[in-house]
Amino acid sequence: SKKSDQVIALLEAKDGVTLADLCAATDWQAHSCRAFLTRLRKKGRVLERSHRVDGASVYKLMTVEVTAQ
C-alpha cells in the first residue's frame, strides 16, 4: 500500500527515522507503527535500532549486500 511504501522509504533513509516521525508521516498511532516494524522483522527484514542523544529511538532498515562467489 502507499503508506507501507512510505514507511519503508523513511526506514531506508540514511539517518533512519523515529517512531514519532513514522506516526506523523502515516497518521498511524504508535502501536500501529510498532506492529508494522514487527511484521517487517517477521518477513526477514533487518531493522537496526539506535538511540539519539535526546533518547529517542531511531529505526533504520538495513540492506543486505549480496556478494557473488
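So the values come out like this:
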item	result
Residue in region 15-26 that is modelled with pLDDT under 95 and open to solvent by 100 Å² or more (accessible area, probe 1.4 Å) present	yes
Residue check, Ser1 open to solvent by 40 Å² or more (accessible area, probe 1.4 Å), small (Gly, Ala, Ser) and touching a strand residue (DSSP E or B) at 6+ places or on another chain (Cβ under 7 Å)	no
Subset of region 12-55 (residues that are of a type in the set (S, T, N, Q) and touching a strand residue (DSSP E or B) at 6+ places or on another chain (Cβ under 7 Å))	Thr18, Ser50
Residue list for region 51-68, filter: open to solvent by 40 Å² or more (accessible area, probe 1.4 Å) and either modelled with pLDDT of 95 or more or not polar (S, T, N, Q) (or both)	His51, Arg52, Val53, Asp54, Gly55, Lys60, Met62, Val64, Glu65, Val66, Ala68
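The values are calculated or read from the model by the stated rules, or taken from the named source; none is laboratory data. Just so it is clear, the model here is predicted, and its values are computed rather than measured. Every residue, glycine among them, receives a Cβ derived from its backbone with ideal geometry; neighbour counts consider all protein chains shown. Please note that ligands, DNA and RNA were not included when accessible areas were found on the heavy atoms of the full protein model with its side chains. Shrake-Rupley method; radii C 1.70, N 1.55, O 1.52, S 1.80 Å.
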